[in-house]
Structure formats: structure tokens, C-alpha cells
Amino acid sequence: MIKRSLFALSKPKLTYDLLDTSLQSVDEIAVPGSLTLLLPEKIDSAKKALIGPGDAVKRGQKLKLYDDSTPYVLSPVAGKIKGFDSYSDDFGNTATYILIKPDPSAKGDDQCAQTDLEQTLEFAADYLGQIPGELPVSTLTNPNYDIRTIVVTGADTDILCDTCQFVCTAYAGLMVAGAKILKAMTRADRICITVPENLSAQVDLDGFNVLRTSDTYPSNLPAMVMKDHLGKQLSPGMTPEDMGVCFIRPEALVSLARTYETGQPVFDKIITLIDKGGKRCRVKATIGTPISKIFSCFNVQINEQDRIIIGGPMRGHATYTVHHPVVPDMDTIMVQDRDVIPELSDNACINCGECIRVCPANVPVNLLVRYLEADLYEEAADRFDLESCIECGLCGYVCRARIPLYQYIRLGKQELLTLRENA
Amino acid sequence: MTNTKLIVSHAPFWHNGDSLFQQNLNFIIALIPAALFGILHFGAPALGVLTLATSSAMLWEVIMSVLSKKKVAIGNMESAVIGLLFGMMVPATMPWWVVITGTFVAVILGKFVFGGTGGNPFHPTLVGMAILTMSWPAFLDFDTAYVSYQFDFTALAPLVALKSQGTSALASFSNYNLLMGNEVGGIGSTFGLGIIIGGIYLMLRGYARWEIVVAFIAGVLITATIFFALHPDAYAPPLFHLFAGYTLLGAFFLAVENSSSPVNRIPMLIYGFLGGFMVILIRNIGIYPDGTVLAILLINLINPLIDIIRPKALGKGVSNA
């Protein structure tokens, strides 16, 4: 953990990590005896489900809960549905776990559900939304957006993470091929890629518009890339998609290229595991593999009151169970020992101004948090720039009173959306 | 590891390690040179006043926390800093009951009634000092406080002498003596060099905002220079004002108190400059010999007003949106 420097006249500087070149190879993890798929829809007992326990599934079969539902997952293996469970994320959104028992005896042509893959956006949206790297199909097909620019996040958005950099350098050819496929599918006329300015690896990025990003956190975040490299400042409440820019992981392009090359969807996700000592391991695991499997493969001991973080230390989220599965957008898993978990508090803001000096979006966090604590979300957005926040987490990182500022802000945004929807 | 209970919380999962305790510990470390000098200079009574002020301030906090059924938070040492600063501003011979009353006002009226840590609109110590100045000015009279002491320098409070005798009194105070603490005054407010060293330490550590300190000192020097340039025979030179009385303590330790000072850069500069400006106005035109306490209370008052001058947030007022 990076501590406050002894001399703190200037604002603290967190830097992105460059690609860990000592890790050249990826360790593959065999398909475990049970897979868990995360389907972002909750179980509604009033409706008749399309799938049920005991159903046989094929590799690549599309699984939906109900006739009228849009979210789907693809089964990465041929096997049987064992059961269902419900899951809720940190905002209380419920989703469904589908437990699948792989059947290694399934062989031959009947193993694969879909064989002819069309190279159209409609087909990709209908079938390839869950390939490793998570292709943002819902954004690309949304009629409200006019996506003209696609930015590939070759530079990871969070510190410590280097999965995106690894994918870019190790699979550059596939990525370029994937970009060509995507460009042909969509109306995008410009494909950019963010690359850390200090990255020395030489990669042939044919057809990409290379954006060299600085190593200072949070310059790789979408809002900062928009401002620094694309010359577009996001207005409060606007997303990059509103301005015709779609951000996409390099792994999504790689998976896209591999899918069309092999003629069937791929399911192996590249993940960087950062253990308690900060050592990295590169893993290739099938989507749906419980993360506990990865820990046991690398002998990472998880004790009571440790913290498992999916994503990086500034923007990730903590999971409450080691049975959480590998999902398409999971780039990094980080384990924190109970002894190094920083303590938070319920102190009031002391107005020290550390957050003001560190905020890249000039949000008056010290005033904002007072309104958020009092549940005054509309006022917080109108007068104190709640929606200008780019969600980098630096305010919570420097807070002297140890207030969970970033949590307040994200909760505030969520509540604001709910208020507006109900209005 | 099937049913391992994990800690779940929100990002960020790192912290730079800063805390209220660290902040207040650094304040105390920074105050030590000046406080030690006061103890060496004024003897055991000074030690008594400093310890009584610090401990009673902490005790008031505990009593109030228990009475109001709040979490006892003396562990972050904020009350200790309030008490220590109070002790450093009063003479070494102050009776015990005045010290205790002063810290009572400082901690309870200055801080607790506004909701505790972070809620105080004024510097708590200064609230205590201001009430004492109004109620018992005799106990804050540095000239009578040290009558039983034998000093090898002019045992006159410089600012009081200036007020009563005019610029003719200035001959007995050299800037060097003022800086090295050869003057009578509050226990910890005489040793200018110690305060400057402690203050610079605090600024470098980032616990005192340098903009406020620099602007405050600039305010004092510029305003005093203007007065001195216009009427050199009626007003004291700028450096005298800087080194005498509470000016340095005010600039480095009192004006920078977090919750009563602005956080944006331009407001910090305005706030500091106005503070220095008011100090000199009160000294040169007002009736009080030392205006630091009241000047800082005044700028505390305008803090919320000027702190709305702030940079535009990302994406606000952009035409391409």
C-alpha cells in the first residue's frame, strides 16, 4: 500500500503499474467439477422458467431464465444444470447463479450448440455478449447511441492491474483482427487504443489510433481519456456513450477474433491474481470457475476477515464469497490480508481539503459529502457537482477522517437515478 | 475455506494511512519546540499550566461525550491540541481555575456545541481565549503576570508597551530578541524561532496549508508596511508586528485549523491575507494591543462565504456538451 509521503506539500501521486514482464506465460486451470454462471436477472417465481435443474446443456448453448428476458449466458461446457441460487451485488441488485455440472463424456458434434456464426452486430448482440472481456453489445446496439469512436483500454484503468496490457502485447495479432471484425460490424469509423506512455513493449497496432496515456492515476479512466485525448469534456451526468465513444477491453476483441476464427465461442478468461504479498500470477480460467479454485491452484490461503477484491484497489469491488465465479469482465483478483485492511470511520468531515486537492474533476467533496450524508441527493447534484465525479476513488484514499467518500458518492449517484426514474 | 467470512467494503481498498490522530500528533510535535522553550523560560509554573490546560481540555471532552452519550473520541487528540494551544497562549502564572474555565469554554462552547470534531466554525482555542480576554483581562495581562520573575531583558509585553507608550517603546525590543523569545508573553508564543520551525515542519508534512500561512504573513507585512511607510513615527515597523504577540502562532497554528478555514486555493489566499490585514488594523487603529485572536475569529466567520469561490467541476460550463 502506498503511504502518505513524509513531505506532503504537493498532492499525492499514484501511478499505474506497467506490464509485469516477468510473467510471460499463462497458467491454464482445468474446467472444475462444477461451474457457476452469473446471469444478471433475478428469479421470478411467478413466471415459467425456460430452464430447470436437471436440464442437459450443450457447449455454447444460450441460457435464459424466461421467454421475455434479454439477459443470457452461454454455457461454457456440455453438462447438466445442477441448480440455481440468487446473488446480490453491492448495490442490492439481484442476479442468479446457475450451477452447471460439466459432463466430460459429451463428445462430437452434438457438443456444440451453435456452429454458423454470422458476422453481424445483431448476431453478436444475441450470442456473443458474454465472451471473455465482455463485448459491450448493449451499448453498440442501443439506438440512442451513435457510437463512432471505439477506445480499446490497452492501458488498465486501475492501478496494480496489468491484464489489459498483457492481452495487448501477447495477443496483438488477434486484437487487430478483432478490431477489424468489430469495425465492419459497427458504424464506428475510428478505433483508438490507450497505451501507457512508458510501456516499452513493441506491438504492431495496425489500424489503431494510439493514445499514449500518462502513468499518473486516474489518467486511464474513460472520462480522463475523453478529456485529455479526444478533446471532449463529459458534461455532468453524461457517459462517454452519450458522446459516441465506446470503451472496450482488448480481451473482448481477442475473443471476438478467436470466436470467428474457430467458429465457436470461447470461454477462457485471462485473469491476473495478486496475492497478499503483491505477487502476480497470470491465469486462464473458464468462465464460471469459482474463484476458490484459482486460489487453491496457486496456494493462496484465504483466512477469516481477509478481503477478496475483484478489480483493482481503487475501483474494484469486494466479494463476500469465495464461490463467486469468473465472469467475462473480471480482469484482476486481489487478495488483501486482514492486517492491512485500512480502517474506516463514521467521523464527520473535518474539512481538511485533502480530497479537494486530489480530485481530478474539481468536485467539492467536502461539501458534497455533507449533503450525501443527509440524503439530499438532488441538491448534491445541483449545487455540488455529484455527477461530475469520474469515480476514481482518490478522495476516499486520502480522506483524513477516513470517511468512505467514494461509497457515499456512488450510493448518491445510484439514489439519484432511482429518484429520477420515480419522478 | 468454504464458509470463510470475508470483509466486504467499498472501494478504495487502499488508504494513504493518514488519520486524525496523525494530524493532531503532528500538531503537537510541531508545538513542542515553542512549548519546551516556554517551560525553560518561565519554569515549573509554565509546565503546570500547559499540562493542566491539555489534560483539562481532554477531560472536558470525555465528560461531554459521556453526558451526550457520544463515542469518546479523545483518542484522536484533538482536544489535546486545543488545550495545548490554549496553554501556550496564556501566561505561566495564570490561576488553575482560569485555565480550567478557559479550556471548558474552548472545548465545549468552541467545539462540542457545534457537533464535535469538524463542526466548529471557529478555532475552539480562540473562542476560549476571546471569552477570557473579555471576562478576566487582568489574568491575561503579561506585565503583571511576571512581576515576581527576574529577566535579563525588558519585562514588558511588547504590544502593550507599543499601545501605551507609542513608538518610543520600540527601542527596547530588537527583532532578534523577539525572535529568540526574550520577551514576556504567553508560555508558548514568545519563542518565534521555535514557532517558525514547528510551523514549517507542519506545512511540509501537509497538515497546515501553506497558502493560508504565507498569505497571513504577507497580510501582516504588507499592511504594516503601508502604515509604517505613511507614518513611521506613529506605527511600528512590519517585522516588529510579525514577531511580537501571537502573530506567528496565529499564522502557523491557529489560522490553519481545518474546519474553520477554507480549502480552495484562492479562498485560502484571501482568508490568510484578510487575517493578517485585520491583525494590523486592530493593533494600529483598534483598542486592543494584540488583535490576532479577534482577527482570526473574524476570518473564521467569513470562511464559508469565501470558500464558494472554487474551480468549475469537470464538464460544467462546457460549450460542446
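Rule-based calculations on the coordinates, nothing more; no lab input. Keep in mind it's a predicted model, so treat the numbers as computed, not measured. Heads up, the Cβs are rebuilt from the backbone with ideal geometry, glycines too, and the neighbour counts pull from every protein chain shown.
Things worth noting here:
- When the Cα gyration tensor is reduced to axis lengths a ≥ b ≥ c, the ratio a/c is 1.5 or higher for the range B:21-139, and with a/b not above b/c it is classed as oblate.
- Here the range A:35-107 is treated with +1 on each Lys and Arg Cβ and -1 on each Asp and Glu Cβ, and its dipole about the Cα centre works out to around 460 debye.
- Here's the picture: a label point sits 7 Å out from the Cα of residue A:375 along the beta-carbon direction, and within the range A:391-423 nothing has its amide nitrogen under 11 Å of it.
- Relative contact order (percent, whole number), chain A, Cα cutoff 8 Å, 6+ residue spacing: 16
- Taking 17 Å as the straight-line reach from the Cα of residue B:312, the lysines in range (excluding those fewer than 8 positions away in the same chain) are A:227, A:232.
- Cα-based reach from residue B:5 at 24 Å (exclusive), listing lysines while leaving out same-chain residues under 8 positions away: A:276, A:279, A:293
- For the range B:155-306, a crude dipole built from +1 on the beta carbon of Lys and Arg and -1 on the beta carbon of Asp and Glu, taken about the Cα centre, is about 200 debye to the nearest 20.
- Residue order for A:324, B:123, B:15, fewest other beta carbons within 10 angstrom first, comes to A:324, B:15, B:123.
- The range B:155-306 pair-distance distribution - Cα-Cα, 5 Å bins, rounded %: 2, 11, 20, 23, 21, 13, 7, 3, 0
- Counting only DSSP H runs of at least 4 residues, each contributing -39500 (n - 2.57), and dividing by the residue count of chain B, the helix-based mean residue ellipticity at 222 nm comes to -17000 deg cm²/dmol.
- Along the range A:22-27 the Karplus relation, 6.51 cos²θ - 1.76 cosθ + 1.60 evaluated at θ = phi - 60°, assigns HN-Hα couplings of 6, 9, 8, 9, 10, 7 Hz to successive residues, with x for each Gly and Pro.
- Positive-end extreme of charge dipole, chain A - chosen from A:92, A:319, A:21 (charges on Cβ): A:21
- Rounded, prolate or oblate (a/c below 1.5 giving rounded, otherwise prolate when a/b exceeds b/c) for the protein assembly as shown by Cα gyration tensor: prolate
- For the range A:117-196 and the range A:302-349, distance of Cα centres in Å: 27
- Each eigenvalue of the Cα gyration tensor of the range A:35-107, multiplied by 5 and square-rooted, gives one semi-axis; in descending order these are 21, 13, 10 Å.
- Proximal lysines relative to residue B:71, as straight alpha-carbon distance under 16 Å, when same-chain residues fewer than 8 apart are discounted: B:111
- Sparsely packed loop sites in the range A:316-394 (the GluC sites (Glu not before Pro) outside DSSP H, G, I, E and B with at most 15 other Cβ atoms within 10 Å) comprise A:343.
- Pairs from the list A:13/A:269; A:62/A:101; A:42/A:80 with a Cα-Cα gap above 24 Å: A:13/A:269.
- Long-range amide H partners of residue A:190 with built H, under 5 Å: A:150
- Each of B:259, B:58, B:280 was scored by the projection of its Cα onto the charge dipole of chain B, and the greatest displacement toward the positive side belongs to B:259; charges sit on the C-beta of Lys, Arg, Asp and Glu.
- In plain terms, the residue of A:86, B:260, B:56 with the fewest other Cβ atoms within 10 Å comes first and the most crowded comes last, giving A:86, B:56, B:260.
- Computed from point charges on the beta carbon alone (+1 for Lys and Arg, -1 for Asp and Glu), the dipole magnitude for chain B about its Cα centre is near 1140 Debye.
- Residue among B:267, B:311, B:33 with the largest mean-square fluctuation in a Gaussian network model of chain B, springs linking Cα atoms under 10 Å: B:311
- Unit charges at the beta carbon, dipole of chain B: most positive-side option, B:232, B:178, B:202: B:202
- Residues A:141, A:96, A:70, arranged from fewest to most other Cβ atoms within 10 angstrom of their Cβ, appear as A:70, A:141, A:96.
- Shape of chain B, Cα gyration tensor, a/c cut at 1.5: oblate
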